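I have placed the structure first, in the form of structure tokens, so that the comments after it can refer back to it.
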Amino acid sequence: MTALSQLTAREALEELALGRISSMELTRACIQQIDRLEPGVHAFITRTSEQALSQALAADTLRAAARQSGQPVPPLLGLPLVVKDILALSGVRCTCGSRILEHFVPPYTATSVQRLLDAGVVVLGKTNTDEYAMGSSTENSAYGRSFNPWDMSRVPGGSSGGSAAAVAARMAPVALGTDTGGSVRQPAAYCGVTGIKPTYGRVSRYGLVAYGSSLDSVGAFGRTAEDTALLFSVMAGHDPLDATSMDVPVPAIQLNGDASLKGLRVGVPREYFIPGMQPEVENGVKQAVKQLAALGASVREVHLPHTEYALPVYYLIAPAEASANLARYDGIRFGERKDAEVMWDVFYRTRGAGFGPEVKRRIMLGTYALSAGYYDAYYGQAQKVRTLIKRDFETAFQSVDVIATPVAPTTAFRAGEHSNDPLAMYLEDVFTLPTNLAGVPGLAFPVGFDKAGLPIGMQLMGPHFREDVLFRTAHAYQQVTDWHKRVPALAQ
Ligand code: GLN
């Protein structure tokens, strides 16, 4: 049998249900893989191996008891998972990749994580992230960068880079991430795994440390669309603890062996194929669209005319919201306090020492955009253009069911390549930001490799609350292709 760490979540759950493996064996296999590869990949900020082993033991005990009594078991019983270190897990420190929260231990658990725990998962640790999820490479983490398992001189993407790298390196079959402007989809693309950013309001944000509250969403990674859908189905649904969570029924996501996409209308927007993008990415995505057509989908061109404004709009709205959200880290309410004689100096010293340079840049940008005299020209204007971007999608989804685009203009870049050029770093998000501004769902999955052996990602975007169509489309594609089955050499 293949090594246990290579199993997908669905395979592992089948083996567990048949009693052919135990959660202890599976969890130990993941821990061994982490022990072996973590020194190079650096996917984690905090590991919780002992806790994981006791959760695994409890899962095995429950399964054995259920077998005796004939009772059903929770759907993900005994399945190992890793969690981005920006989602609260009671009793385990939550750093958000920031020095200012180095010793912060939340007394409660995020709803998304809690629902997965209730479904039986085993948590292997908290994964690396750009500080407060601000970044596209995990290089903005105060705990050191993560590396891409496909090429250790490259970034895994970000900000959920630790989660994506862990899944690609077979340290865990599935992972949680968060996506404010692309932070699940872009690392999924760079690491050759599948990642979902759900509709805004679909998955509770309770216990997700806020960055840009009107854009933040909790998403999931797996190696297949099917595994990603498993996590999504458990997490999704209304939560009274998040006022923006929507009370919309979550459809059962039926993914069977049928790869037909007959009747599916796929739109391809010209605005997402821009000069300067890596030709292999463009070709890879176009080939994948042809594959969707071969499965029976009809393909047509659509227009999203305000796409070019998404980047400036995002980089006004997200920092503006961040500047308000991060005001609470003052050493008094939250954050590692640096004492001083007078109150203002406490704030100044705490924030000066605790935040890294990118976070400071965003707070300054956001504070400026919100300040008296500039508010209308920047923040107010950005909100208006955001509405136009949202309308672009509404119009496009009148004639198509999904929109297919690249995830990012390039494959994974080299560590350090954009470190001194924030604009070049921001440009990695041009294709993922519009989704968050419009609140629609997006799914990323591998559709090929470039000459350097790095994964190429395709993005599918859908109407609000239609994650099921995205999963079904990617699943059909994965039935007839095997890009998602490739394993980085180091993880074999
Ligand atoms: N890279 C984008 C940023 O830096 C998006 C991050 C995210 O989705 N959290 O803000």
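For this structure, a couple of remarks:
- Near pairs, Cβ below 6 angstrom, 6+ apart or cross-chain, from the range 198-210 (within 11 Å of Asp179 (Cβ to Cβ)) to any residue that is among the basic types (Lys, Arg) and in a loop (DSSP other than H, G, I, E, B): none
- Ala288 passes every criterion in (1) closer than 25 Å to Thr481 by Cβ; (2) loosely packed, with under 15 Cβ neighbours inside 10 Å apart from (2).
- The lone exception for Asp429 - which of (1) modelled with pLDDT of 95 or more; (2) out of contact with any Lys or Arg (no Cβ under 7 Å at 6 or more places or on another chain) it fails: (1)
- Val82 satisfies every condition listed in (1) among the β-branched types (Val, Ile, Thr); (2) surrounded by fewer than 24 Cβ atoms within 10 Å (Cβ to Cβ); (3) not in a helix (DSSP H, G or I) except (2).
- Positions within the range 123-147 being in a helix (DSSP H, G or I) and closer than 13 Å to Arg99 by Cα, in sequence order: Glu131, Tyr132
- The single condition among (1) touching a Lys or Arg at 6+ places or on another chain (Cβ under 8 Å); (2) surrounded by 24 or more Cβ atoms within 10 Å (Cβ to Cβ); (3) within 25 Å of Val203 (Cα to Cα) that Phe104 does not meet is (2).
- Boolean, Leu53 is surrounded by 15 or more Cβ atoms within 10 Å (Cβ to Cβ) and in a helix (DSSP H, G or I): yes
- Yes/no for Thr199 being modelled with pLDDT of 95 or more, surrounded by fewer than 20 Cβ atoms within 10 Å (Cβ to Cβ) and under 30 Å from Leu370 (Cα atoms): no
- Unique match (being away from the ligand (no atom under 16 Å from the Cβ), hydroxyl-bearing (Ser, Thr, Tyr) and surrounded by 24 or more Cβ atoms within 10 Å (Cβ to Cβ)) among Thr111, Thr129, Thr138: Thr111
- Residue that is farthest from the ligand (Cβ to nearest atom), among those in the range 153-183 that are assigned to a strand (DSSP E or B) and among the aliphatic types (A, V, I, L, M): Val174
- One residue stands out in the range 213-249 among those that are within 16 Å of the ligand (Cβ to nearest atom) and closer than 23 Å to Ala164 by Cβ: the one that is farthest from the chain's Cα centre (by Cα), namely Leu215.
- Only residues that are within 13 Å of the ligand (Cβ to nearest atom) and either farther than 26 Å from Ala210 by Cβ or of a type in the set (A, V, I, L, M, F, W, C) (or both) were counted in the range 283-324, giving 8.
- So Ala259, is it in a loop (DSSP other than H, G, I, E, B), at pLDDT below 95 and surrounded by 13 or more Cβ atoms within 10 Å (Cβ to Cβ): yes
- Every listed requirement among (1) within 16 Å of the ligand (Cβ to nearest atom); (2) assigned to a helix (DSSP H, G or I); (3) in contact with a helix residue (DSSP H, G or I) (Cβ under 7 Å, 6 or more places away or on another chain); (4) not hydrophobic (A, V, I, L, M, F, W, C) is met by Gln186 save one, (3).
- Taking the criterion of being in a helix (DSSP H, G or I) and basic (Lys, Arg), the only residue of the range 88-107 that qualifies is Arg99.
- Boolean, Thr367 is within 30 Å of Val289 (Cβ to Cβ), at pLDDT 95 or above and either surrounded by fewer than 19 Cβ atoms within 10 Å (Cβ to Cβ) or out of contact with any Gly (no Cβ under 6 Å at 6 or more places or on another chain) (or both): no
- Any chance Leu470 is closer than 30 Å to Pro357 by Cα and touching a residue at least 60 places away in the same chain (Cβ under 8 Å): no
So that you can scan it fast, the table gives a plain yes or no per residue for (1) under 27 Å from Tyr368 (Cα atoms); (2) surrounded by 15 or more Cβ atoms within 10 Å (Cβ to Cβ):
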site: Ala293; (1), (2): no, no
site: Arg300; (1), (2): no, no
site: His303; (1), (2): no, no
site: Tyr314; (1), (2): yes, yes
site: Ala327; (1), (2): yes, no
site: Asp339; (1), (2): no, no
site: Trp344; (1), (2): yes, no
site: Tyr348; (1), (2): yes, yes
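- Complete set of residues in the range 276-307 that are outside any loop (DSSP other than H, G, I, E, B) and either modelled with pLDDT under 95 or among the polar types (S, T, N, Q) (or both): Asn283, Gln287, Gln291, Ser298, Thr307
- Helices (runs of 4 or more DSSP H) lying entirely in the range 338-456 (those with 3 or more residues that are more than 13 Å from the ligand (Cβ to nearest atom) and among the small types (Gly, Ala, Ser)): 343-354
The values are calculated or read from the model by the stated rules, or taken from the named source; none is laboratory data. None of these values were measured; they are calculated from a predicted model. Ideal geometry is used to build each Cβ from the backbone, glycine not excepted, and the neighbour counts take in all protein chains shown.
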